[in-house]
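Remarks on the structure that follows.
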Amino acid sequence: MSSEPLRYRPWWMAGGVGLVLLVIYLSLTSDPVTGHQLGQVNLNHLLAYGVTMLWLDQVIDRSWNRLSVAAGLCLMGVVLEYVQGWTGYRHFSYADMGSNALGVAIGFLLGEPLRGSLFQRIEKAIAAIRS
């Protein structure tokens, strides 16, 4: 992460929390978004977890362990699959768990080279527009 702190860090973190809450909502709603499959990979799950991991990777402090965040998102995906199975209106799927974990892995890998710089670039663009 760059040494320059994020000016809008609380907003970026709120966005990350919002993404986590959106994933939870979409996972448990009785009117799910239709999944798009590529073999056994659910592209909606892959995208949701990948974007969430990439976002959080841009805003977390170095004091946080990236692996802990990734593991937490993977665990959330497993728990949500079990909860879906208990709802009676959604189904349990090991393939979806794999899609969730694959999305986290992709977000993790894409996040490292961008670590912290993506939101800093956006903040610099906002500052340039304001001045």
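Where a number appears in this text, it was derived from the coordinates with a stated rule and is not lab data. Quantities reported herein were computed from a predicted structural model and do not represent experimental measurements. Glycine also receives a Cβ, built like all others from the backbone with ideal geometry; neighbour counts cover every protein chain displayed.
Approximating the spin labels as points 7 Å out from Cα along Cα→Cβ, the L109-to-V78 distance works out to 2.2 nm. At full extension, L67 and L43 could sit 6.4 nm farther apart than now, given 0.36 nm per residue minus the alpha carbon distance.
Exposure proxy shown here: for H91, H45, the number of other Cβ atoms within 10 Å sets the order, fewest to most, as H91, H45. Ranked for footprinting exposure by Cβ neighbours inside 10 Å, fewest first, W55, W86 give W86, W55.
Ordering T29, T52 from the fewest to the most neighbouring beta carbons within 10 Å gives T29, T52. By the Stokes-Einstein formula, at 0.692 mPa s and 37 °C, the chain with its Kirkwood radius over alpha-carbon pairs has D equal to 211 µm²/s.
If R0 equals 25 Å, the separation of the Cβ atoms of A125 and M13 corresponds to a calculated FRET efficiency of about 0.80. Taking label positions 7 Å along the Cα-Cβ direction at both W86 and L26, the computed distance is 2.3 nm, reported to one decimal.
Axis angle, to the nearest 10 degrees, between helix 9-28 and the longest C-alpha principal axis of the chain: 10 degrees. Distance between the modelled labels on S117 and A95, one decimal in nanometres: 3.8 nm (7 Å Cα→Cβ projection).
Angle of helix 117-130 to the longest C-alpha principal axis of the chain, folded into 0 to 90 degrees and rounded to 10: 60°.
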